[in-house]
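The numbers here are math on the coordinates, done by the rules we state, and not lab data. Note that the coordinates shown come from a computational prediction; the quantities given were computed from them, not determined experimentally. Here the Cβ is made from the backbone with ideal geometry for all residues, glycine too, and neighbour counts use every protein chain on show.
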Amino acid sequence: MKEFKFTIDGKAYEAQVAEQDNGVLAVTLNGKSYAVEVPALAHHAVKPVVHHAAAPAAVSAPRAAAAAAPAAGTIVAPLPGTIKQIVAAEGQKVKKGDTILTMEAMKMENAITAEQDGTVVKVRTTVGASVNQGDVLVDFQAEGAPQTQAPQQPLSNSPRGGEKPQPAEKPAAKEALPPTGGAGSGASKAVEAPLPGTIKQVCVSVGQEVAAGDTVVVMEAMKMENNITAEFAGKVTAVKVAVGDQVQSGQVLVELA
């Protein structure tokens, strides 16, 4: 089991994550338990589903022994995902709650923030890199902590030795997917909720043109705000939700043509 502490909008959270069989993670967030299915870890691609569980299943002794806590002075990936943007540069001083980088996991963009005031010592990943749960993303020097020297050996998905990470770039738009009915059929394309949550903001309106990667809805899930983006370009033909709505996994949020 791995433990994480992070801050969102100034509020502190504690999470424990234990990997189970067939891509299922047992997640306990501030005392509440969830079972999370992660397609990247499963043998067969399925939509991620989150549902309440009585308690996370016990992790076998060998696996529990292998799951080491993250090293002091590092910021690690809470889930498998892809790095979308690097916000803080090496040597930059940040405050508790400041965003260090953003990553996409389960079709949602998540902000990885500083747990306390300090300095970014070394960024160990790059935009577009695929990371696994527990991978070290950033070496971090907490304010008032003894000075430490960053290890010289970079990770496999880190910049080459001596090089600084490339400046953050806007993620390239994903290639537009054809509608279900086939090219030219005029069939609508739906943006669906990847997991249960609450709609916090609707960012598009009927008739609006959107590009692949544009945010259409902001929803709160597992006490985190996540940007739900279009996987294809098109014109909004229907908005199926409103602010405050409770939605389920797979529910249609926005239709495009």
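Given the Cα-Cα distance of Lys235 and Glu220 and 0.36 nm per residue of separation, how much length would full extension add, in nm?
Working: separation 15, 0.36 × 15 = 5.40 nm, distance 2.47 nm.
Full-extension gain reported as 2.9 nm.
Dividing the convex hull volume of the Cα atoms of segment 82-123 by its residue count, what figure in Å³ per residue is obtained? Before the final figure, lay out the partial values.
Details: hull volume 2.4 nm³, N = 42.
Hull volume over Cα atoms, normalised by residue count, gives 57 Å³.
If you plug each phi of segment 94-111 into the Karplus form 6.51 cos²θ - 1.76 cosθ + 1.60 with θ = phi - 60°, what whole-Hz ³J(HN,Hα) values come out, in order, with x for Gly and Pro?
Karplus values, whole Hz, x for Gly and Pro: 10, 9, 4, x, 5, 6, 8, 7, 10, 9, 9, 9, 6, 6, 10, 8, 10, 8.
Sequence-distant or interchain residues sharing an amide H contact under 5 Å with Gln208, placed H: which?
Long-range HN contacts for Gln208: Val236.
Please list the non-local residues whose amide H lies under 5 Å from the amide H of Val87, H modeled 1.01 Å from N, same-chain partners needing a gap of 5 or more.
Leu101, Thr102
Between beta-carbons, use under 12 Å as the cut-off and find the net charge around Gly81, counting Lys and Arg +1, Asp and Glu -1. Don't jump to the answer; show the numbers that get you there.
On the way: positive: Lys84, Lys107; negative: Glu104, Glu109, Asp135.
Computed value for this residue: -1.
If you stretched the chain out fully between Ala257 and Ala89, how much longer would it get, using 0.36 nm times the residue separation minus the C-alpha to C-alpha distance?
Working it through step by step, the gained length comes to 56.5 nm.
Taking amide H atoms as placed 1.01 Å from N in the peptide plane, list the residues 5 or more away in sequence, or in a different chain, whose amide H sits under 5 Å from that of Cys203.
Val217, Val218
Given the Cα-Cα distance of Ser205 and Asn30 and 0.36 nm per residue of separation, how much length would full extension add, in nm?
59.5 nm
Residue by residue through segment 133-140, what is 3J(HN,Hα) from phi via Karplus (6.51 cos²θ - 1.76 cosθ + 1.60, θ = phi - 60°)? Round to whole Hz and write x for glycine and proline.
The phi angles translate into 4, x, 5, 6, 9, 9, 8, 10 Hz.
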